[in-house]
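Chemist: Structure in structure tokens, see below.
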Amino acid sequence: MKIDLTDTTASKINKALVEGRRAIGTPAVGMVLTMVIVADEENAYDSIKAAEDASREHPSRTLVVIKRHARTLRDRTHSRLDAEIRVGSEAGTGETVVLRTYGDVSDHADSVVLPLLLPDAPVVVWWPVEAPGNLAADPLGALAQRRITDLYAFENPLEVLQTRARHYAPGDTDLAWTRLTLWRSMLAAALDQARVRVTSAAVEAEADNPSAELLARWLEARLGVPVDRVGSGGPFVTAVRLGTADGEIVIDRPEGPLATLSL
């Protein structure tokens, strides 16, 4: 079910959500979080689809904030909020509200989002593309317990990573780190099995790969040894080599989803 509201308010959106749930017989109870997506028109569709797919396992209310750029002086001075509400099968197992802000409302998106948050449920804010330098200090980021970004969306990911590190606050998460989950699991399992002291390490990856940089710094912090960054043809991280007195521990993934572990 879809409901379109033009030049509306947060209270009218809440009322429409209640009416929409009542019309299809779906209660709001059971939703585990509020997901706030800050996107532009170009990237909104893919972001909404990803959130709706995730809501099938974790029912949630998804609020998509799209700040529209004014084309005329009248648009810049005229504040407006439009909303597209999706409930039922149109929104996975949760609810989706697409908020398009115009004029001064765009500078105060947090005041629009705040009344629409589910009570007593955690808030996650996701910037699929552009994101502020200091996530926790951003008005929308300050509402959240978890703030998600993606370094791969930037042309200069390593510079952005340095900015993220300077302004890091508990709850900041980047998908470049999440993509390393299998690598970290395999490395931990290999070291549990080998039971040897690591004396050197190297991470092989394509140039300027943020995941490789994070993996190298993580190994450096955990193992207490310098970690070399070695360039490769990619894609992404292609190998990790850990030097020990008994020989190298190597995880090699030259291409595709399969990797080889050598002890």
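Chemist: Return the residues of region 111-168 that are polar (S, T, N, Q) and crowded, with 18+ Cβ neighbours inside 10 Å; say none if nothing qualifies.
Modeler: 149
Chemist: Looking at (1) within 19 Å of residue 260 (Cα to Cα); (2) acidic (Asp, Glu); (3) surrounded by fewer than 18 Cβ atoms within 10 Å (Cβ to Cβ), find the lone condition where residue 204 falls short.
Modeler: (3)
Chemist: So, in region 244-263, exactly how many residues are closer than 16 Å to residue 181 by Cα and surrounded by 13 or more Cβ atoms within 10 Å (Cβ to Cβ)?
Modeler: Qualifying residue count for the region: 5.
Chemist: When residues of region 137-156 are filtered for being at pLDDT below 95 and closer than 18 Å to residue 43 by Cβ, how many remain?
Modeler: Counting residues in region 137-156 that are at pLDDT below 95 and closer than 18 Å to residue 43 by Cβ gives 4.
Chemist: Now for a different question. Have a look at 216, 221 and point out the one that is small (Gly, Ala, Ser), buried (at least 17 other Cβ atoms within 10 Å of the Cβ) and outside any strand (DSSP E or B).
Modeler: 216
Chemist: Could you tell me whether residue 208 is touching a residue at least 24 places away in the same chain (Cβ under 8 Å) and in a loop (DSSP other than H, G, I, E, B)?
Modeler: Judged against the criteria, residue 208 is a match.
Chemist: Please determine whether any residue of region 152-161 is in contact with a strand residue (DSSP E or B) (Cβ under 7 Å, 6 or more places away or on another chain) and either closer than 27 Å to residue 68 by Cα or not hydroxyl-bearing (Ser, Thr, Tyr) (or both).
Modeler: no
Chemist: Tally up the residues in region 84-109 that are free of Cβ contacts under 8 Å to residues at least 40 places away in the same chain, crowded, with 16+ Cβ neighbours inside 10 Å and either among the charged types (D, E, K, R) or assigned to a loop (DSSP other than H, G, I, E, B) (or both), please.
Modeler: The qualifying residues number 2.
Chemist: If the Cβ limit is 6 Å and pairs must be 6+ apart or interchain, which residue in region 247-263 that is free of Cβ contacts under 8 Å to residues at least 24 places away in the same chain and on the phi < 0 side of the Ramachandran plot pairs with which residue that is part of a loop (DSSP other than H, G, I, E, B) and surrounded by 14 or more Cβ atoms within 10 Å (Cβ to Cβ)?
Modeler: Pairs found: 253/259.
Chemist: For region 6-59, which positions are in contact (Cβ under 8 Å) with a residue 40 or more places away in the chain and either part of a loop (DSSP other than H, G, I, E, B) or not assigned by TED's automatic domain parsing to the domain that holds residue 114 (or both)?
Modeler: Once the filter is applied, which keeps residues that are in contact (Cβ under 8 Å) with a residue 40 or more places away in the chain and either part of a loop (DSSP other than H, G, I, E, B) or not assigned by TED's automatic domain parsing to the domain that holds residue 114 (or both), region 6-59 yields 6, 7, 8, 9, 26, 28, 31, 32, 40.
The values are calculated or read from the model by the stated rules, or taken from the named source; none is laboratory data. Everything numeric here is computed off the predicted structure, so don't read it as measured data. For neighbour counting, all protein chains shown are included, and Cβ atoms are generated from backbone atoms with ideal geometry for every residue, glycine included.
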